[in-house]
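Peer 1: Submitted below is the structure of interest, expressed as structure tokens.
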Amino acid sequence: MASTGASRGGAASPRPPQGRSSRQDKYSVLLPTYNERENLPLIVWLLVKSFSESAINYEIIIIDDGSPDGTREVAEQLEKIYGSDRILLRPREKKLGLGTAYIHGIKHATGNYVIIMDADLSHHPKFIPEFIRKQKEGNFDIVSGTRYKGNGGVYGWDLKRKIIRLYRKEVLQKLIEKCVSKGYVFQMEMIVRARQLNYTIGEVPISFVDRVYGESKLGGNEIVSFLKGLLTLFATT
């Protein structure tokens with residue numbers, strides 16, 4: 001599914017020429033973490049493997065929100081193992097919300113494309129090359145993972161789960177400026193705002209798997225906040 005004739009909210013911005021070599025592109029992965037010390041080494045290894053095998057230029061920006069389980073220390077070790085040009089730890093002192101984590105992370109992104117995903121392995125990095133191929137194929141502003149078409153599936157996954165997405169960096173920056181949500185509804189609001197601004201959106205069918213280690217971070221209060229955020233989103237769009 002994709003919009004055509006993107007008006008970009010009334011002001012067109014130049015697109016890179018279709019079919020440009022991927023070696024000229026760089027992909028910044030924004031990886032917010034909170035209590036992910038078991039998952040983080042595996043998700044980083046899988047990301048590095050996927051990017052390396054496809055000869056894709058990348059960086060992984062870990063935004064840890066003061067995890068008490070030692071996630072930050074694990075991230076520091078990963079930075080030493082893979083190099084600070086590939087793994088960038090950009091921590092915050094406490095848990096401040098998913099939306100603000102992306103705002104914080106994009107300030108440090110040097111890629112011209114940004115990928116946002118969860119660190120709990122509900123999204124497998126093996127799909128990322130397909131996202132990149134899809135973006136090149138349709139010259140899309142955004143590519144989103146979906147479980148509703150093709151071979152996409154869901155295993156132990158519920159509607160509260162976040163969705164992996166690839167953005168042109170300037171598009172994500174514009175959407176972040178427009179969004180008012182700060183919690184888990186942030187990603188949903190971004191896609192609604194993207195449609196309002198007529199950005200083009202491609203979709204890739206992927207499988208979602210429930211978190212590998214640890215418990216869901218969505219407690220009762222966060223579920224209430226999520227529902228309130230949805231109501232606010234519907235009221236303002």
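Peer 1: Go through the range 122-151 residue by residue and tally those that are in a loop (DSSP other than H, G, I, E, B) and open to solvent by less than 20 Å² (accessible area, probe 1.4 Å). Full working, then the answer.
Peer 2: From the range 122-151, those in a loop (DSSP other than H, G, I, E, B) are 122, 124, 139-141, 147-151; that's our starting set.
Still in the list and also open to solvent by less than 20 Å² (accessible area, probe 1.4 Å): 122, 141.
Total satisfying the criteria: 2.
Peer 1: Run GLU189 past the list (1) crowded, with 18+ Cβ neighbours inside 10 Å; (2) in a helix (DSSP H, G or I); (3) at pLDDT 90 or above; (4) not hydroxyl-bearing (Ser, Thr, Tyr) and report the number of the one that doesn't hold.
Peer 2: Failed condition: (3).
Peer 1: Could you count how many residues in the range 74-113 are β-branched (Val, Ile, Thr) and either farther than 15 Å from LEU30 by Cα or touching an Asp or Glu at 6+ places or on another chain (Cβ under 7 Å) (or both)?
Peer 2: First, the residues of the range 74-113 that are β-branched (Val, Ile, Thr): 74, 81, 87, 100, 103, 106, 110.
From the residues that got through so far, the ones that are either farther than 15 Å from LEU30 by Cα or touching an Asp or Glu at 6+ places or on another chain (Cβ under 7 Å) (or both) too are 74, 81, 87, 110.
Number satisfying all stated conditions: 4.
For every residue, the table says whether it meets (1) in a loop (DSSP other than H, G, I, E, B); (2) surrounded by fewer than 18 Cβ atoms within 10 Å (Cβ to Cβ); (3) modelled with pLDDT under 95.
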residue	(1), (2), (3)
GLU59	no, no, no
ILE62	no, no, no
ASP69	yes, yes, yes
ILE81	no, yes, yes
LEU88	no, no, no
LYS94	yes, yes, yes
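Peer 1: Quick check: is even one residue across the range 109-118 assigned to a loop (DSSP other than H, G, I, E, B), among the polar types (S, T, N, Q) and within 17 Å of ARG165 (Cα to Cα)?
Peer 2: First pass over the range 109-118, keeping only residues assigned to a loop (DSSP other than H, G, I, E, B): 109-112, 117-118.
In the following step, the residues that additionally are among the polar types (S, T, N, Q) were identified as 110, 112.
Now drop any that are not within 17 Å of ARG165 (Cα to Cα), which leaves 112.
Yes, some residue in the range 109-118 is assigned to a loop (DSSP other than H, G, I, E, B), among the polar types (S, T, N, Q) and within 17 Å of ARG165 (Cα to Cα).
Peer 1: Same structure again: Taking the range 96-132 only, how many residues are among the hydrophobic types (A, V, I, L, M, F, W, C), modelled with pLDDT under 85 and touching a Phe, Trp or Tyr at 6+ places or on another chain (Cβ under 7 Å)?
Peer 2: So the answer is 1.
Peer 1: Being at pLDDT 90 or above and either within 28 Å of ALA194 (Cα to Cα) or outside any loop (DSSP other than H, G, I, E, B) (or both) is the filter here; which residues of the range 1-38 pass it?
Peer 2: Across the range 1-38, the qualifying residues are ASP25, LYS26, TYR27, SER28, VAL29, LEU30, LEU31, PRO32, THR33, TYR34.
The values are calculated or read from the model by the stated rules, or taken from the named source; none is laboratory data. Model, not experiment: these values are computed from the prediction. With ideal geometry, Cβ positions are generated from the backbone for all residues, glycine too; neighbour counts draw on all protein chains shown. With ligands, DNA and RNA removed, areas are computed over all heavy atoms of the protein, side chains included. Shrake-Rupley method; radii C 1.70, N 1.55, O 1.52, S 1.80 Å.
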